Amino acid sequence: MREKRFVYMDHAATTFTKPEVAESMLPFLKERFGNPSSIYSIGREGKEAVEKAREQLAKALGAKPEEIYFTSGGTESDNWAVKGTAFSRRKKGKHIITTTIEHHAMLYSCEYLVTQGFDVTYLPVDSYGLVDPEKVGAEIREDTILISVMYANNEIGAIEPIREIGAIAKENDILFHNDAVQVIGTVPLEMKHKHRNVDMLSLSSHKFYGPKGIGALYLREGTEIENHIHGGGQERGKRAGTENVAGIVGMGKAIELATANIEDHNEKIKKMRDRLLSGIQEISSCRLNGHPEKRLPGNLNFSFEYIEGEALLLMLDEMGICSSTGSACSSGSLEPSHVLRAIGLPPEIAQGSLRLTLGDANSEEDIDYVLNILPKTVGKLRAMSPFYKPANMRNSSDV
Ligand SMILES: *Cc1c(COP(=O)(O)O)cnc(C)c1O
């Protein structure tokens, strides 16, 4: 057997911070520590650094700097977008449309809003995880104030028809929010033209090789939502609190790097992904979850019959491979994830699911390594399963 190798294949959970990004942050953790609200020179330097990052984000999104608000990450941006809209438009109506496959930041914010008297419609998805724009249109009511649909799903990589849904929202004069956390550096965003129907967009730095704990909400000029954090006048009074200067600077650098060469980056990742995909598909009783084409270039999500995803994840970890599973190990139960349930996977199939998400940490050698380790690991686990019989031992009643 070849040597053990560290293989990071969980880029949808987080990414490493690029060295240039970390480097750009250091001065603001050291000598340039001034408060951006202070008017002596190191304060002004901090302020300038924050505004430069705002411009970097605006440029990457094809937006205006005044439309960018810094937050602590994707979770906060999602919370702000939906609650801020709900409370600011409550006189107009109390109905929100979202989907069953959103991130928990959105789903649990919506659950909270229900306790505050709002009404939420969760759109179903098809077996690939895709939302049907016609279904969005059919759910619109007189009192609908917000439509929120994620750009791409973090578990199965499904890329949603955002432009079609945005057009429907606009025709009906309804605000449209988009959780774009998974797509920065993969899908080119253009808020002035291509994405002109998106009013609010959530971003998170640590999903595009920037630091953790920093993100942004794009808020289209003229969009009124409730102020999010009350205090000092930072972020034009909408989101108070002394800025995370180093984080903001790092995110600015990270988005510049991530959007510099999207095409080449996607091609490289997709090439590795497709080789991994065809190798894994040779394993028996395995299915790919999500759409074959309408998916993020780095995303693979499989269900392997007759095994537990969590056992597989732990055995892969033993071999140095970082992956993720759709049976919620985090909550201590083996409940399949809401996304795998939403695409209609039976629980016993969903239980054996594994997500591998590729990115800049990976090389072709990583693919070779996983293709060597994964089939053996699945085989070992199946050998322990009382339900699994190799194909040549099955009788006709199994088919
Ligand atoms: C990671 C993620 C979030 C949460 O972002 P944080 O910055 O980790 O809070 C929200 N939505 C999606 C789709 C994500 O992948």
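The values are calculated or read from the model by the stated rules, or taken from the named source; none is laboratory data. Since the model is a prediction, treat every value here as computed from it, not as a measurement. Counting neighbours? That spans all protein chains shown, and the Cβs are built from the backbone with ideal geometry, glycine included. When the accessible area is computed, the model is the full protein with side chains, heavy atoms only, and any ligands, DNA or RNA have been set aside. Shrake-Rupley method; radii C 1.70, N 1.55, O 1.52, S 1.80 Å.
Data overview
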read-out: Longest exposed-site-free window of the chain, the sites being trypsin sites (Lys or Arg not before Pro) in a DSSP loop that have at most 16 other C-beta atoms within 10 Å; value: 295-393
read-out: Förster-model FRET efficiency, 56 Å R0, ARG236 and ASN372, C-beta, rounded to 0.05; value: 0.55
read-out: Length gained when the stretch HIS104-SER285 is fully extended (0.36 nm per residue, less Cα-Cα span); value: 62.1 nm
read-out: Karplus-derived 3J(HN,Hα), 6.51/-1.76/1.60, for each residue of segment 66-80, Hz, glycine and proline x; value: 5, 8, 9, 10, 7, 9, 8, x, x, 4, 5, 4, 4, 4, 5
read-out: ³J(HN,Hα) computed for each position of segment 141-152 - Karplus, 6.51 cos²θ - 1.76 cosθ + 1.60, integer Hz, glycine/proline x; value: 10, 3, 9, 6, 10, 8, 10, 10, 9, 6, 5, 9
read-out: Segment 89-181 - charge dipole about Cα centre, Lys and Arg +1 at Cβ, Asp and Glu -1, debye rounded to 20; value: 460 debye
read-out: All aspartates and glutamates inside 20 Å of LYS30 as judged from Cα atoms, apart from same-chain residues fewer than 8 positions distant; value: GLU20, GLU45, GLU48, GLU51, GLU243
read-out: 0 to 90° range, to nearest 10: angle between helix 41-61 axis and the chain longest Cα axis; value: 50 degrees
read-out: TYR112/ASP143 FRET efficiency (R0 22 Å; Cβ-Cβ; nearest 0.05); value: 0.70
read-out: Phi to ³J(HN,Hα) by Karplus 6.51 cos²θ - 1.76 cosθ + 1.60 over segment 126-134, Hz, x for Gly, Pro; value: 7, 5, 8, x, 9, 8, 8, x, 4
read-out: Degrees, to the nearest 10: 162-171 long Cα axis against longest axis of the chain; value: 40 degrees
read-out: Within the accessible area of the chain (1.4 Å probe), percent carbon and sulfur; value: 52 percent
read-out: Among LEU312, LEU288, TYR69 the positive-end extreme of the charge dipole of the chain (Cβ point charges); value: TYR69
read-out: Distance (nanometres) between label positions extended 7 Å along Cα→Cβ at LYS212 and ASP264; value: 3.1 nm
read-out: Cα long-axis angle, helix 309-318 against the chain (0 to 90 degrees, to the nearest 10); value: 90 degrees
read-out: Loop sites in segment 295-390: chymotrypsin sites (Phe, Trp or Tyr not before Pro), DSSP, at most 15 other Cβ within 10 Å; value: PHE387
read-out: At R0 = 25 Å, FRET efficiency that the Cβ-Cβ distance of PHE387 and LYS4 yields, to 0.05; value: 0.25
read-out: Cα pair distances in segment 194-280, grouped into 5 Å bins until the bin that holds the longest one, percent each; value: 3, 11, 15, 17, 18, 15, 8, 6, 4, 3, 1, 0
read-out: Accessible surface ranking that places the most exposed of ASP199, ASP119 first, with a 1.4 angstrom probe; value: ASP119, ASP199
read-out: Interchain or long-range residues, amide H under 5 Å from SER353's placed H; value: PHE304, GLY309, GLY326, SER327
read-out: Percentage of interatomic Cα-Cα distances in segment 19-258 larger than 34 Å; value: 15 percent
read-out: Cα-centre dipole for the chain with unit charges at Cβ (Lys and Arg positive, Asp and Glu negative), debye to 20; value: 300 debye
